[in-house]
Amino acid sequence: MKIAVVGAGLMGRAAVYDLARAQGVTQIVVFDIDKETAEKVAEEFGARKTTGKFLDVSKVDSSANPFEGASAVISAVTYKYNPELTDLAIAAGAHFFDLGGNNDTVAEQFKRDEKAKAADVVVVPDCGLAPGMVSILAAAGIREFDQVDSLKIRVGGLPQNPRPPLNYQMVFSAEGLINEYWEPVVILDGGKEKTVDPMSGVEALEFAEIGKLEAFYTSGGTSTLPKTYAGVVDFLDYKTIRYPGHCDLFRPMLEIGLASREPVSVDGATVQPRSVLREVLDKNLSFGEPDLTLVRVDFSGKQNGKQKQLRLQIVDKQDEKTGLTAMMRTTAFPIAIIAWMAASGRVEKRGVVPQEIAIDPDIFMAELAKRDIEVQRFDKF
């Protein structure tokens, strides 16, 4: 099978690495606006079955579809290009998956449902870590309950050795981080969708391996879960994990307007505050030091008339042997697994489908285990 990966950044190269070692994958094409980077990623990560090619995703041309002949397409570029890339994949008869991160963009992709069905393909947005893998873990846990009262998802990508003052380093795109910290947050409360403010609801939590941490509301992590489980789950929310104090330090920067896209004049030049913040974050918080990813999904409810609790948890650290960061492993490996599942006939759904509905949790988690990403289970917490 042939699989296309769009974007040769950190997540794209990790997806290439994984796919190049997946059963039945015979050819991979990695596309990027920088052809030299694409070719370098193909050589370093592609196990001699990958080629690098040029593609400017801002100027896609349907008359010369780059995805012709591909079984599946992975988008590892910023979310704003995903609707057009979805169209190209459908036109090529290829399954499509992306890392997502923006609710409005996902809603736009769902408008392609009938086209995807007519092309006999499945499109699954938001297939990274969170949004992403956590939705499949949610589905895995929910099926063990007769009644789910509460589903709480907590996820964080952190440096193993935090540096003050923010105790954070960039582990994915700065644009994505700002979006998570700035956009409205959708949860379920009383079984109904509710919007709450980002960077609110700060709570303390602790991981035995790490120590004391905090978590707060951020956008996008619940993805399609509120719509899928409205009326099924009474309370469902998502919070991002950081080291203590991070939220109180970062939130004021956004409150004074540094996340705004409204241009301002600075020394005769017109700039967007958000663009400045994005560049500053990338420049000053890109330490490249070992990282870790934390995932905790807590369920409470009833089974067979009795109260039941369940915790699914992941603690993943940077792979020193391959150099792949924990964020690369836990974001890119899941989307690579899903693309492989679809291309190899292990996904039966067609159309634009939430992953909590489309993806078999048993197959998915078995594939995670093969990659040494262990989902720990606790029946009491």
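Only the coordinates and a few stated rules stand behind these numbers; no lab work does. Note that the coordinates shown come from a computational prediction; the quantities given were computed from them, not determined experimentally. Cβ atoms come from the backbone with ideal geometry, glycine included; neighbour counts cover every protein chain shown.
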Does segment 1-157 come out rounded, prolate or oblate by the C-alpha gyration tensor, with a ≥ b ≥ c the root eigenvalues, rounded set by a/c under 1.5 and, if not, prolate when a/b is larger than b/c and oblate if not? prolate
Here are labelled values, (i) 20.1, 69; (ii) 25.2, 82; (iii) 28.0, 84, and one is the computed Rg and Dmax of the Cα atoms in Å for what I pasted. Which one? (i)
XL table 40/321; 35/115; 317/370; Cα-Cα > 24 Å flagged, in table order, is 35/115
Stretch in the chain that is longest and holds no GluC sites (Glu not before Pro) that DSSP places in a loop and that have at most 15 other beta carbons within 10 Å: 210-319
Descending packing, highest mean Cβ count within 10 Å first, for 321-327, 194-200 is 321-327, 194-200
Can you put 285, 99 in order, fewest other beta carbons within 10 Å first? 285, 99
What is the mean projected area of the alpha carbon convex hull for segment 228-381, to one decimal in square nanometres? 14.5 nm²
Alpha-carbon centroid distance for the pair segment 97-167 / segment 308-341, whole angstrom: 13 Å
Computed over segment 1-148: relative contact order in percent, which uses C-alpha pairs under 8 Å that are six or more apart: 18 percent
16 Å Cα-Cα reach of residue 380 towards lysines, excluding residues that sit fewer than 8 places from it in its own chain: 152, 302, 306, 308
Fewest to most Cβ atoms within 10 Å: 154, 346, 278, 48 sort as 48, 346, 278, 154
What helix-only [θ] at 222 nm does the chain give? Using -39500 (n - 2.57) per DSSP H run of at least 4, over all residues, to the nearest 500, the answer is -9000 deg cm²/dmol
Could you please rank 163, 311, placing first whichever residue has the fewest other Cβ atoms within 10 Å of its Cβ? 163, 311
May I ask you to compute the full-extension gain from residue 302 to residue 320, defined as 0.36 nm times their residue separation minus their alpha-carbon distance, rounded to one decimal in nm? 2.3 nm
Sequence-separation-based contact order of the chain, relative, with Cα cut under 8 Å and 6+ spacing, percent: 20 percent
Under the rule rounded for a/c under 1.5, else prolate if a/b exceeds b/c, else oblate, using alpha carbon gyration tensor axes a ≥ b ≥ c, segment 133-327 is classed as oblate
Efficiency of FRET from Cβ geometry, residue 377 and residue 196, R₀ 22 Å, rounded to 0.05: 0.15
